[in-house]
Amino acid sequence: MARYTGPVSKIARTFGEPIFGPDKVLDKKKYPPGQHGPGRRKKQKSDYAVQLKEKQKAKHTYGLLERQFRKTFELATRKHGVTGTVLLQLLESRLDNSVYRLGIAPTRRAARQLVSHKHIAVNGKIVNIPSALLRPGDVVAVRGKSANLEHIHSQVHAKNTDIRKSPWLEWNPDRMEGKFMVYPERDMIPERINEQLIVELYSK
């Protein structure tokens with residue numbers, strides 16, 4: 001399974017946002033990485049540079065590499081609706097992202113690992129493909145034997161439930177499972193991504 005394995009703090013500093021989760025390095029160094037430090041004079045960016053940066057931000061936020069992200073965009077163009085919004089809906093419907101949104105894992109990276117290691121089931125069947133796309137009505141659950149693993153149990157029963165404030169998902173703590181209710185509307189998705197810039201980039 002192809003995935004980004006480089007430094008996450010450096011990437012987060014590039015975008016000035018904790019896209020991988022809370023980051024102490026980002027709190028200390030609130031400026032982009034580079035040998036010239038925070039005093040470096042900023043140059044005016046071209047439209048292409050702005051669009052490319054937004055696409056890179058979306059890629060890293062959801063943990064996709066270029067080829068996979070491009071395929072997701074092409075799928076979005078074939079569906080009805082606003083392409084940018086459909087793109088984000090497809091990214092949000094990924095299994096690894098849903099496991100993260102449900103609070104089963106603290107980050108998307110951790111969620112991807114849980115799925116790959118066969119700790120997650122969809123509609124009663126084990127699925128180990130993080131990029132699998134969910135449809136409304138699909139039920140995502142922690143596999144029976146995996147429910148007793150300490151890191152999963154502690155995360156699922158953590159008091160901080162802010163991560164579960166996703167209105168398109170329904171969580172059942174007693175059964176340790178959640179349901180993908182509907183594709184989220186754009187205003188439901190909390191990620192600060194300007195999807196129109198991505199559409200403009202790929203439309204060139």
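Report, by chain and number, residues whose modeled amide H sits under 5 Å from the one on residue 94, excluding near sequence neighbours (fewer than 5 apart, same chain).
Here the answer is 134, since their amide H atoms fall under 5 Å of that of residue 94.
Starting from the 7 Å offset along Cα-to-Cβ, what nm value, one decimal, do you get for the label separation of residue 170 and residue 70?
Taking the two extended label points, one gets 4.0 nm.
Going through the cross-link list 125/145; 71/204; 59/165; 118/145; 53/204, which pairs have a Cα-Cα distance over 18 Å in this structure?
59/165
For each of 135, 94, count neighbouring Cβ atoms within 10 Å of the residue's Cβ, then give the residues from fewest to most.
Numbers: 135 11, 94 25.
With the fewest neighbours first, 135, 94 line up as 135, 94.
For a quick check: with amide H placed at 1.01 Å from N, whose amide H comes under 5 Å from residue 120's, ignoring anything fewer than 5 positions away on the same chain?
Here the answer is 127, 143, since their amide H atoms fall under 5 Å of that of residue 120.
A short reminder: the numbers here are calculations on the coordinates, not readings from a lab. In this text the structure is predicted, and so the values were computed from the model without any measurement. All Cβ positions, even for glycine, are placed from backbone atoms using ideal geometry, and neighbour counts span all protein chains on display.
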